[in-house]
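Colleague: Please see the structure below; I have some questions.
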Amino acid sequence: MTYAIDAAPLWRPNPQTVGATRMAQLMQATGHASYADLWQWSVDQPEAFWDLLWDFCGAVGEKGTQILVDRDRMPGARWFPEARLNYAENLLQRRDDGDALVFRGEDKVERRLSRGELYAAVARFQQFLVDAGVAAGDRVAGYLPNLPETLVAMLATTALGAIWSSASPDFGVQGVLDRFGQIKPKVLVCVDGYWYNGKAVDCLAKNAEVAARMPSLLRTVVVPYLAERPETGAIANAMRWNEIAAVDAGKAVVFNRVAFDHPLFIMFSSGTTGVPKCIVHCHGGVLLQHLKEHQLHSDVRPGDRLFYFTTCGWMMWNWLVSGLACGATLLLYDGSPFAAGGTVLFDYAAAEKMTHFGTSAKFIDAAAKLGLTPGRTHDLSALRAMFSTGSPLSPEGFDWVYREIKKDILLASISGGTDIVSCFVLGNPVLPVWRGEIQCRGLGMAVDVVDEIGQPVRGQKGELVCTRPFPVMPVGFWNDADGRKYRAAYFERFPNIWCHGDFSELTAHDSVIIYGRSDATLNPGGVRIGTAEIYRQVEQLPEIVEALVIGQDWPPGRHDDVRVVLFVKLRDGLALDAALSERIKRQIRDNTTPRHVPAKVVQVQDIPRTKSGKIVELAVRNVVHEQPVKNVEALANPEALEFFRRRAELAD
């Protein structure tokens, strides 16, 4: 099924103010009258586009004269081979008394750091790293919440040319070892605990076990969050953050300018199908891509106040913190998004005059289910843009934002991933917002949708691909010297073309719809169905909190056909009966096709998800088929898998 084309967009740019956006200014500077023309030029002339973007967005560093070498190799193209730059230097340009960041830990903790204070804190921690023996190319790992200290540690590390990697403290010990154990960090920065939904969660025992099982560690630094002086005696080579020696007030941060493709971050795949892949991203690619996405696609300007609800185990943390390079103030938050009566994030938005509010589609769905009306209960007059990612935002989610948040707002549904620590498709302040659609393909990204033999298609579903190199492609995977795993991950399906694994459609508006992950696509009777199409319908029913759908091999033992099975989590106190099951099926049948209708509807107590909140259809499918789930440590609630095992309802 394809979503119906609406007669009018939900939002159009204000003709009086759109000219002040950075995107409009770039169009004027390049002589392009439409975004479509600008995008086409950016992918046809990549050397000219990325050369101009470096200067237009104010990247700091030595650019060199060569822009792109081996432009026809994918992977294998090299960007800015003569360049020398440092990501952290670009984020720490301003050192005045203005807010660099504001932090809230639910309703328990509130802190601020000026730009000058942030710079001084980075200088202090960097000196500690140098004294500990950390140098360019070494790894520093953060097992941390979204704290100011996390940002300080990352900047100090990357300023040296060392490599930063992070995971959130809700990961179990094995999940951390599966990640950090592969990259052998010299220093681990962790936290004594964190707050979640008003409850304190202690992390000291986990820290001790992780440190004991990572022989590469020279030092472990414990950040006090729950207590002023946490007990660190059980943790090998440990010290508290506030015990790090002070440095002279005028101590300068050392910015080691490195090659464009020098490793910056090691990110991890979700790990639900095996040990997580270690994806290596570089200084130049991340910097240029994030400058482009913040300044042009998100219209982040100096003085704006940028927020994204994220943990440090999700790539949106890396995306958020790059906002410093645009002169924005970062609004950091740690804890439950529904703490303190359910409105804590909107309380934050109103109090801090938030200009850009980033969250997940699941949060928007949940806020709508709770009946929140933030536009009426909170002063959101400063808010100009709202971002949504993590899973496809349903058309009804678009409706809720424009009805209950704000009518005059850029709602940017965005999609990309850890693989590129950024977006393929995203928002645009000079284009209208159409219900259920992602506004555009990103500048410099030759994104297309192709059928099963690799031919471009329009107005029908296919695979999201990128047909030309781009600077923020990973430089490789860690411990993959010959590049075999890297090529297999993205280039095996269509040679010399990046296949991202999203089931997608390019619309008549030249916008994009994401229907779900290709590997979770259902295929009953040989017809491909995106899971998002079913979720959209089911989650409109007030009884349903969340749903998960899989294809079950049917009949058992056969692998040439599947039947659709829908699992539903209902509101507290409700039970699935024949009437509700029939109403669910009717909702799907009336609004999609008969092939979308599940053969079975089954109630479960919980839906398993990754640490970043994505539901895991493949893990559930494995459980239903009595196959192993290779890495349950990647899940936030692995116990939920038991609700799907050997269900009698699925035996006939």
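Bear in mind that the values in this text are calculations on the coordinates, not laboratory data. In this text the structure is predicted, and so the values were computed from the model without any measurement. A quick note on method: Cβ atoms are made from the backbone with ideal geometry, for glycine too, and the neighbour counts reach across all protein chains shown.
Colleague: Let me know the shape class of segment 169-281, please: from the alpha-carbon gyration tensor, a ≥ b ≥ c as square roots of the eigenvalues, rounded when a/c is under 1.5, otherwise prolate if a/b is greater than b/c, or oblate.
Modeller: oblate
Colleague: Suppose every K and R has +1 on its Cβ and every D and E has -1 on its Cβ; what is the size of the dipole of the chain about the Cα centre, in Debye to the nearest 20?
Modeller: 180
Colleague: Right, next: Can you tell me what percent of all Cα-Cα pairs in the chain are more than 37 Å apart?
Modeller: When every Cα pair of the chain is considered, 34 percent fall beyond 37 Å.
Colleague: Determine, for each peptide in 527-533, 582-588, the mean count of other beta carbons within 10 angstrom over its residues, then list the peptides with the highest first.
Modeller: Taking the mean over residues of other Cβ atoms within 10 Å, the ranking is 527-533, 582-588.
Colleague: For a quick check: with amide H placed at 1.01 Å from N, whose amide H comes under 5 Å from residue 609's, ignoring anything fewer than 5 positions away on the same chain?
Modeller: Residues meeting the amide H criterion: 636, 637.
Colleague: Follow-up question, since we're still on this one. Each label point is 7 Å from the Cα along the Cα-to-Cβ direction; what then is the distance between the points at residue 252 and residue 93, in nm?
Modeller: With each label point 7 Å from Cα toward Cβ, the separation is 1.8 nm.
Colleague: To continue, here is another question. Alpha carbon centre of segment 30-73 versus segment 177-251: separation in Å?
Modeller: 42
Colleague: Can I ask one more? Please report the equivalent ellipsoid semi-axes of segment 563-643, computed as sqrt(5 x eigenvalue) of the Cα gyration tensor, largest first, in whole Å.
Modeller: 25, 15, 11
Colleague: Would you mind classifying segment 508-652 by shape? Square roots of the alpha carbon gyration tensor eigenvalues, ordered a ≥ b ≥ c; an a/c under 1.5 is rounded, otherwise it is prolate if a/b is larger than b/c and oblate if not.
Modeller: Rounded shape, in that the Cα axes give a/c under 1.5.
Colleague: Please give the peptides 509-520, 476-487 ranked by average Cβ packing (other Cβ atoms within 10 Å per residue), highest first, as a rough proxy for protection.
Modeller: 509-520, 476-487
Colleague: How high is the FRET efficiency between residue 645 and residue 540 when r is their beta carbon distance and R₀ equals 41 Å, given to the nearest 0.05?
Modeller: Computed FRET efficiency for residue 645 and residue 540: 0.90.
Colleague: Can you give the FRET efficiency for residue 228 and residue 382, using 1/(1 + (r/R0)^6), R0 = 51 Å, r = Cβ-Cβ distance, to the nearest 0.05?
Modeller: 0.90
Colleague: What are the semi-axes of the equivalent ellipsoid of segment 274-409, taken as the square roots of 5 times the eigenvalues of the Cα gyration tensor, listed largest first and rounded to whole Å?
Modeller: Semi-axis lengths for segment 274-409 are 25, 18, 14 Å.
Colleague: Oh, and also: In whole Å, what is the distance between the alpha-carbon centres of segment 478-531 and segment 330-378?
Modeller: About 32 Å separates the Cα centre of segment 478-531 from the one of segment 330-378.
Colleague: OK, next. Among the listed pairs 407/611; 362/407; 362/485; 184/277; 277/362, give every one whose C-alpha distance is greater than 23 Å.
Modeller: 407/611; 362/485; 277/362
Colleague: List, in order, the whole-Hz ³J(HN,Hα) value for each residue of segment 82-95 obtained from phi through the Karplus relation with A = 6.51, B = -1.76, C = 1.60 and θ = phi - 60°; use x for Gly and Pro.
Modeller: 9, 6, 9, 7, 9, 4, 5, 4, 5, 7, 10, 5, 9, 9
Colleague: For segment 32-183, with equal point scatterers placed on the C-alpha atoms only and solvent neglected, what are the log10 I(q)/I(0) values from the Debye formula at q = 0.14, 0.15, 0.20 1/Å, to two decimals?
Modeller: -0.95, -1.02, -1.20
Colleague: Suppose only helical runs count, i.e. DSSP H with n ≥ 4. What mean residue ellipticity at 222 nm does that imply for the chain under -39500 (n - 2.57) per run, divided by all residues and rounded to the nearest 500 deg cm²/dmol?
Modeller: Dividing the helical sum by the residues of the chain leaves -7000 deg cm²/dmol.
Colleague: Just from the alpha-carbon atoms, what are the Rg and Dmax of segment 11-96 in angstroms?
Modeller: Final numbers for Rg and Dmax: 15.8, 44 Å.
Colleague: Along the positive direction of the dipole of the chain (beta-carbon charges: Lys, Arg +1; Asp, Glu -1; about the Cα centre), which of 494, 624, 522 reaches farthest?
Modeller: 624
Colleague: Here's another thing I want to ask about it. If contacts are Cα pairs under 8 angstrom and at least 6 residues apart, what is the relative contact order of the chain in percent?
Modeller: 13
Colleague: Of the listed peptides 610-621, 242-253, 200-211, what is their order by residue-averaged count of other C-beta atoms within 10 Å, with the highest listed first?
Modeller: Ranked from most to least packed, the peptides come out as 610-621, 200-211, 242-253.
Colleague: Considering all alpha-carbon pairs of segment 376-484, what whole percent are spaced by more than 15 angstrom?
Modeller: 71
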